[in-house]
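Trainee: My questions will all concern the structure given below.
The values are calculated or read from the model by the stated rules, or taken from the named source; none is laboratory data. Quantities reported herein were computed from a predicted structural model and do not represent experimental measurements. So basically every Cβ, Gly included, is an ideal-geometry build from the backbone, and we count neighbours across all protein chains shown. Note: accessible area is taken over every heavy atom of the protein model, side chains too, but ligands, DNA and RNA are not part of it. Shrake-Rupley method; radii C 1.70, N 1.55, O 1.52, S 1.80 Å.
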Amino acid sequence: MKATNILKIALLAMPLIISSCHSKKKAIVESQTQTTTTSGPENVFLEKVNDNVQTNKFITSKVKFTVEYENQDIALTGNLRMKRDDVIRLQLMAFGFVEAARLEFTKDYVLIMDRINKQYLKAPYNQIDFLRNSGINFFTLQGLFWNELFMPKRSTLSADDLKKFSTQLSGNEVVISLEDGKLSYSWLSDEKTGLINMANILYKDRFNGNTQLNWDYQSFENLGRNGKKFPNKMNVTLTTPEKEVKLGITLNYIGHDTDWETRTNVSNKYREVMIDEIMRRFMSL
């Protein structure tokens, strides 16, 4: 497959995920058959879940990245670099050595770089309608990538924040839920360990149809010396009324590298693309 085609499919996936305000995969809360309230104070369990939060400020890893979209199935390699409360960066490589795309999320803006065609998009969250309206911001994405509970616009969760979540016991897992207008957040967490096995964001739109983002976590291993576990595999499914995109993220050689620039400087050789233009291009592929 040509490098440009690989790039198109790879770049399609992330804008679709971050545009998930506009589904046919069942929500976590809909999949439960018999549920009961967890025994004991709910906050005791929620604090256990929150105690699994990584204390390292940096997480870095090599990445194997797969994309399934319609009849196309591709595999890429790359790098994931994250600094807590600051930046999430994915570098996608074509043929294992050419950087085809860079996706950078900071607290202030989203940067999507097409390295092959020398184009880029850089915009604050509040200037992208679907991000602003759906409440998806840096801290939402950080919670998903870092395997944590999250609330919109919260970098950490206080004891008072945890009281806003509800829990239900279902077998060996606990369903954690949070409602925020048209958005429903759900997590499946192991009852014994408090580890989050799945996160789900459902945007309800009675006129245009629902959109759902499902984020599964697998292969937990100890990360660093603190003994806290982190998932080595993440499977992401975005379902809209028109499209379904599946991403597979496998982490290798996870570490805490700090020797990298946390901001990308865009060369003046790149052409800036407006959000409407880049979304029309992606959605028409």
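Trainee: If packing is taken as the mean number of other Cβ atoms within 10 Å per residue, what is the order of 67-77, 255-265, 233-243, highest first?
Mentor: By packing density, highest mean first, the sequence is 233-243, 67-77, 255-265.
Trainee: Here is a follow-up. How much of the accessible area of the stretch 43-138, probe 1.4 Å, is carbon plus sulfur, in whole percent?
Mentor: 45 percent
Trainee: What is the spin-label model distance, in nm, from Ala123 to Ser177 if the labels are put 7 Å beyond Cα along the C-beta direction?
Mentor: 3.3 nm
Trainee: Quick one: accessible area per residue over the stretch 116-271, 1.4 Å probe, rounded to a whole number of Å²?
Mentor: Here the per-residue accessible area is 49 Å².
Trainee: Which of the pairs Lys122/Lys182; Lys118/Lys153; Lys57/Lys204; Lys62/Lys182 have their Cα atoms more than 29 Å apart in this structure?
Mentor: Flagged as over cut-off: Lys118/Lys153; Lys57/Lys204; Lys62/Lys182.
Trainee: Measure off 7 Å from each Cα along the Cα-to-Cβ vector at Arg271 and Asn208, then give the distance between these two points in nanometres to one decimal.
Mentor: Label at Arg271, label at Asn208, 2.7 nm between them.
Trainee: Can I ask one more? Which of the trypsin sites (Lys or Arg not before Pro) found in the stretch 66-131 are in a DSSP loop and have at most 16 neighbouring Cβ atoms, other than their own, within 10 Å? Let's see the in-between values first.
Mentor: Values: sites: Arg81, Lys83, Arg84, Arg89, Arg102, Lys107, Arg115, Lys118, Lys122; in loops: Arg84, Lys107, Arg115, Lys118.
Filter output for the stretch 66-131: Lys107, Lys118.
Trainee: Which aspartates and glutamates, if any, have their Cα less than 18 Å from the Cα of Lys83, not counting same-chain residues under 8 positions apart?
Mentor: Partners found: Glu104, Asp108, Glu148, Asp257, Asp259, Glu261.
Trainee: Could you compute the net charge surrounding Val236? Neighbours are other residues with a C-beta less than 9 Å from the C-beta of Val236; K and R count +1, D and E count -1.
Mentor: That works out to 0.
Trainee: Using the Cα atoms of the stretch 165-285, I'd like the radius of gyration and the largest Cα-Cα distance, Dmax, both in angstrom.
Mentor: Here Rg and the maximum Cα pair distance are 18.9, 56 Å.
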